[in-house]
1. Mind listing whichever residues of region 14-30 are near the ligand (Cβ under 9 Å from one of its atoms), assigned to a loop (DSSP other than H, G, I, E, B) and of a type outside the set (S, T, N, Q)?
2. Would region 50-61 turn up any residue that is touching a strand residue (DSSP E or B) at 6+ places or on another chain (Cβ under 7 Å) and under 22 Å from D184 (Cα atoms)?
3. Assess whether R259 counts as being of a type in the set (D, E, K, R) and free of Cβ contacts under 8 Å to residues at least 24 places away in the same chain.
4. Select the helices (runs of 4 or more DSSP H) contained entirely in region 200-297, then report the ones holding at least 1 residues which are under 24 Å from T135 (Cα atoms) and either modelled with pLDDT of 95 or more or among the basic types (K, R) (or both).
5. So S220 fits all but one of (1) surrounded by 21 or more Cβ atoms within 10 Å (Cβ to Cβ); (2) more than 25 Å from R122 (Cα to Cα); what number is the exception?
6. Any idea how many residues of region 56-72 are within 11 Å of the ligand (Cβ to nearest atom), crowded, with 18+ Cβ neighbours inside 10 Å and either of a type in the set (F, W, Y) or free of Cβ contacts under 8 Å to residues at least 60 places away in the same chain (or both)?
7. Report, by residue number, each residue of region 31-40 that is over 22 Å from E81 (Cβ atoms) and more than 9 Å from the ligand (Cβ to nearest atom).
8. Out of L22, L78, I need the residue that is of a type outside the set (S, T, N, Q) and touching a Leu at 6+ places or on another chain (Cβ under 9 Å). Which one?
Amino acid sequence: MNPPPPRALVFGASGQIGRRVLARLQARGWHVVALCRGEPPAAASGVEWRRGALPDAAGAGDGFDAIFSCGPLDLFSLWDERHATGAARAGAFGSTSGHVKHASSEPAERELAGRLRAAEARLAAAAAARGATVTLLRPTLVYGAGSDRNLSRIAALARRHGFFLLPHDACGLRQPVHVDDLGDAALAALQRAGTDFAAYDLPGGETLPYREMVARLLQSLRPPARLLLLPGPLFGFAAVLARWLRVHDAGAAVLARMRQDLVFDASAAARDLGYAPRRFMPEAGMSGSDQYLHPSLR
Ligand SMILES: NC(=O)c1ccc[n+]([C@@H]2O[C@H](COP(=O)([O-])OP(=O)(O)OC[C@H]3O[C@@H](n4cnc5c(N)ncnc54)[C@H](OP(=O)(O)O)[C@@H]3O)[C@@H](O)[C@H]2O)c1
């Protein structure tokens, strides 16, 4: 008789990263209990949907071999702190925003960074108290599913207008990471050697200037859109006007960051997880729909 399949509990399985994690677990024969807040998706082989919400209505965590969070890290850390999870190995996606935004000029961004850091500390403390293996994964700028709020939103605006504006000095370095590479990293995290808490930054496989990243994205659209580079003051005026017209909602800190390098080291993830992310190669079909445009522009 075959042994029963290993069991995983997955939070955020309907999200862009969560769908990749779910598919990989299914493909490897896991039985997955996946939490959803709304109407459960159609039944699929090896997946059992559990209705609920983090942190207080997500159900029990015992009886699983693995637990993975692809939803809000702060809510997962609160759930994790309060629930017995037995011998399950755990993994969770956080964000490099915790490194980047703690000194932001915008209070909401500083608050987000604070929440991420507090959540990481909570997870690490709970892991130490249990002697559990917990792996935290911090992606950079995610793309590839067409539902991210960064590159897909730029693509949607460019598709609508046929062009996209940037300041000529938008040269801060970026490392966009493909959702499929994150799905692979999540599965590798569940097999990581060691019985401790470990955190890994997960940048993409190429480091390129912001304006080169956007230029490549616009070239991938069908038809391609044009990138127009403006002098700084003129771009500043255009950005204020566009915000007033609700063409975008990017704040001053977001615009200023286009000139800042946001570069992270993948060597620890490469060593411990075999992480080998692809170069940035956007394709026409993965840049999303208009769902992230302001409703008046759809
Ligand atoms: N997108 C990026 O560029 C990026 C970059 C770095 C890090 N990350 C991090 O990676 C993780 C996943 O990101 P993503 O872009 O894949 O997210 P996403 O597509 O927005 O999906 C979020 C998921 O979390 C679930 N969720 C939200 N609130 C919940 C709650 N209270 N209880 C239970 N589930 C809840 C959602 O379920 P419903 O279907 O019920 O809404 C959905 O499945 C997050 O921790 C995010 O901060 C994302």
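The values are calculated or read from the model by the stated rules, or taken from the named source; none is laboratory data. No experiment lies behind these values; they were computed from the predicted model shown. Cβ: placed from backbone, ideal geometry, glycine included. Neighbour counts: every protein chain shown.
1. G15, the sole residue that qualifies.
2. No: zero hits.
3. Against the criterion (of a type in the set (D, E, K, R) and free of Cβ contacts under 8 Å to residues at least 24 places away in the same chain), R259 does not qualify.
4. Qualifying helices (runs of 4 or more DSSP H): 267-273.
5. Result: S220 fails condition (1) only.
6. 3
7. H31, V32, E39, P40
8. Within the list L22, L78, the selection yields L78.
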